[in-house]
There are 2 protein chains.
Amino acid sequence: MTRSCTWVHFLWDTDERTVNRYLTRSADPPSRYRILDVVPVVGAPPVAPSGGMCGLRYETTVPPSSLAPGGPDHPRPIMHVWGVAQHLHYTDRHARVDLDTRSRHELPPSEQTIAVLIPIRKSAAWWGLSQDERQEFFLNKAGREGHIAIGSRYVEGISRRLYHRRYLDQAAPYDFLTYFEFDRLDEPRFRMLLSELRDVRNNPEWVYVEHEYEIWMTKVG
Amino acid sequence: MTRSCTWVHFLWDTDERTVNRYLTRSADPPSRYRILDVVPVVGAPPVAPSGGMCGLRYETTVPPSSLAPGGPDHPRPIMHVWGVAQHLHYTDRHARVDLDTRSRHELPPSEQTIAVLIPIRKSAAWWGLSQDERQEFFLNKAGREGHIAIGSRYVEGISRRLYHRRYLDQAAPYDFLTYFEFDRLDEPRFRMLLSELRDVRNNPEWVYVEHEYEIWMTKVG
């Protein structure tokens with residue numbers, strides 16, 4: 001009856017003490033960040049772009065409902081996004097074996113290590129599609145590459161993790177969190193990956209994105 | 001940014017006052033039940049089979065983390081299972097249109113109306129399969145019908161709803177709740193449906209079920 005649910009939490013604040021209060025919640029050693037920029041893509045980010053905030057990522061097997069409430073003696077971080085790791089919903093066996101073989105692991109902390117977190121919400125029209133219709137968008141078909149083939153060309157240099165938020169609570173302003181890490185030298189390639197995924201001729205899935213922004217960070221610890 | 005998450009809660013207790021405390025949480029009129037039997041299928045149910053308990057089902061847009069804690073003045077119900085409605089993960093457009101056209105709606109409360117709730121947990125091996133491998137089990141292939149085709153033969157007489165629990169909390173002892181309603185006269189057909197879904201020659205998906213039990217009820221209100 002062992003279950004293996006892992007939740008991820010990202011917290012940011014201008015005051016490092018506020019994020020440090022969450023250090024003990026981490027099952028594994030947490031990661032630390034310094035925000036470089038918050039970049040709107042579709043719609044506005046929930047906070048004004050603000051460089052310099054410090055951030056923390058931790059993973060835990062404790063459900064998020066137990067995140068302590070804020071208060072004068074226990075201020076909540078300025079930004080907090082979270083999600084849960086799930087099985088892959090669109091990747092077939094062949095593509096998964098290929099990804100497992102070639103995918104880059106997370107990078108060590110360094111001034112050279114860039115991390116980008118991208119919360120994404122898709123439209124009601126997307127969620128109203130049936131499984132085969134959604135699946136189609138991930139495949140190489142009808143003269144365009146689709147999500148999986150585009151991403152596949154970048155997995156060696158750019159580490160990627162996916163978390164889910166949809167159906168976890170009512171207020172969730174995003175359905176997914178995609179988290180990337182890469183060496184600063186690979187930033188042009190990462191920007192190319194984003195540009196390709198947002199080209200609706202080659203990846204029509206992106207038509208259904210109704211909210212998206214990027215949180216650019218240095219992974220410092 | 002309107003979201004439409006719906007959680008379902010089923011509560012049972014020997015004392016009707018305990019379940020009645022939850023009446024005000026229901027977004028729509030709740031349903032009331034009397035338990036007929038709790039039947040083990042794979043593994044043991046979490047409570048001893050006990051007829052006569054009263055039950056309540058309510059749907060809500062409030063996340064389950066706010067379910068009030070118990071206490072001497074506010075006893076928790078003896079049994080409480082819950083889940084969230086999601087999009088369909090394996091049904092293609094053609095099958096969905098067919099289901100939407102033919103599926104039976106819920107039945108009015110009556111001594112004639114039987115409701116059966118079936119919590120199901122699948123094995124780690126199931127969740128380790130890729131999307132295409134899981135999808136295969138639902139389809140009519142390789143000389144066997146599979147889940148969708150079997151279920152399709154019963155939808156006119158038997159109402160069915162599916163809720164998810166996996167990834168909502170760590171302790172979840174089940175991945176899904178399937179909820180059925182039918183007229184007492186259709187009980188033999190319902191038993192045939194269960195028997196067909198559990199015949200691993202015709203529905204090999206069922207090999208992956210590692211915990212399952214049935215809660216048989218009369219829908220009285």
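The values are calculated or read from the model by the stated rules, or taken from the named source; none is laboratory data. Here the structure is a predicted model, which means the values were calculated and not measured. We place every Cβ from the backbone using ideal geometry, glycine too, and count neighbours over all the protein chains shown. For accessibility, only protein heavy atoms count, side chains too; no ligands or nucleic acids. Shrake-Rupley method; radii C 1.70, N 1.55, O 1.52, S 1.80 Å.
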*Could you list, in sequence order, all residues of region A:78-110 that are of a type in the set (D, E, K, R) and either closer than 19 Å to A:Tyr33 by Cβ or in contact (Cβ under 8 Å) with a residue 60 or more places away in the chain (or both)?*
A:Arg104, A:Glu106
*Candidate set from region A:8-34 (those that are β-branched (Val, Ile, Thr) and more than 16 Å from A:Leu117 (Cβ to Cβ)); member that is most open to solvent (accessible area, probe 1.4 Å)*: A:Thr24
*Among the numbered conditions (1) crowded, with 18+ Cβ neighbours inside 10 Å; (2) assigned to a loop (DSSP other than H, G, I, E, B), tell me where B:Ile120 comes up short.*
(2)
*So which residues in region B:169-185 are open to solvent by 40 Å² or more (accessible area, probe 1.4 Å) and either in a helix (DSSP H, G or I) or among the aromatic types (Phe, Trp, Tyr) (or both)?*
B:Arg184, B:Leu185
_Take A:Thr91 and tell me if it is away from every other protein chain (no Cβ under 14 Å) and open to solvent by less than 50 Å² (accessible area, probe 1.4 Å)._
no
_Anything in region B:111-126 that is touching a residue at least 12 places away in the same chain (Cβ under 8 Å), within 20 Å of B:Thr178 (Cα to Cα) and within 14 Å of another protein chain (Cβ to nearest Cβ)? List them, or say none._
B:Pro119, B:Ile120, B:Arg121, B:Lys122, B:Ser123, B:Trp126
*asked:* Suppose we keep only residues that are surrounded by fewer than 17 Cβ atoms within 10 Å (Cβ to Cβ) and assigned to a strand (DSSP E or B) within region A:35-76. Which one would you say is modelled with the lowest pLDDT?
replied: A:Gly71
*Filter result (over 23 Å from A:Tyr90 (Cα atoms) and of a type in the set (A, V, I, L, M)) within region A:166-191*: A:Ala171, A:Leu185
*Of the numbered conditions (1) assigned to a helix (DSSP H, G or I); (2) surrounded by 15 or more Cβ atoms within 10 Å (Cβ to Cβ), A:Val97 satisfies every one except a single condition; which is it?*
(2)
_The one condition in (1) in a loop (DSSP other than H, G, I, E, B); (2) free of Cβ contacts under 8 Å to residues at least 60 places away in the same chain that A:Ala149 fails to fulfil_ = (1)
